[in-house]
Amino acid sequence: VQLQASGGGLVEPGGSLRLSCAASGTIFGFSTMGWYRQVPRKQRELVATITRAGTTIYADSVKGRATISRDNAKNTVVLQMNNLQREDTAVYCCRADQATNIYWGQGTQVTVSS
């Protein structure tokens, strides 16, 4: 299974970004898909996750500004982030869980700066 993330880039404070992640390979069905982020010298942190049934979890830091969604038929997960702040700057990675396996995408850089 491979995860391909896209949609990162440079955005001004207050702006928006849409991150997409598409899975390919031998897929039976992902239980949970999600987005995590990491900055240098800090641990990777959860941004948002969504189960196959659509149950979502958001980090407190992004609640009200982020929306995660998925398409089970297409094996994609999307993170829409609005009102981006400088502290949202990080490498964002998508994750997909299938049975006992956890798959990670390669990461996409999001930089919030004026």
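The values are calculated or read from the model by the stated rules, or taken from the named source; none is laboratory data. What you see is a predicted model, and the numbers here were worked out from it, not measured in a lab. Backbone-built Cβ (ideal geometry, glycine too); neighbour counts: all protein chains shown. The area values use the complete protein model at the heavy-atom level, side chains included, leaving out ligands, DNA and RNA. Shrake-Rupley method; radii C 1.70, N 1.55, O 1.52, S 1.80 Å.
Data for the structure
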item	result
Candidates 54, 25, 15: whichever shows maximal mean-square fluctuation once the chain is modelled as a Gaussian network with Cα springs under 10 Å	25
Solvent-accessible surface (1.4 angstrom probe) belonging to residue 61, in square angstrom, nearest 10	60
Carbon and sulfur %, accessible surface of the chain computed with the full protein complex present, 1.4 Å	48
Whole-Hz ³J(HN,Hα) from phi, Karplus 6.51 cos²θ - 1.76 cosθ + 1.60, for the stretch 54-60, glycine and proline x	x, 6, 10, 9, 10, 5, 4
Per residue accessible area of the stretch 9-48, 1.4 Å probe, in Å²	59
Loop-located trypsin sites (Lys or Arg not before Pro) in the stretch 33-108, at most 13 other Cβ atoms within 10 Å (DSSP)	41, 42, 52, 63, 74
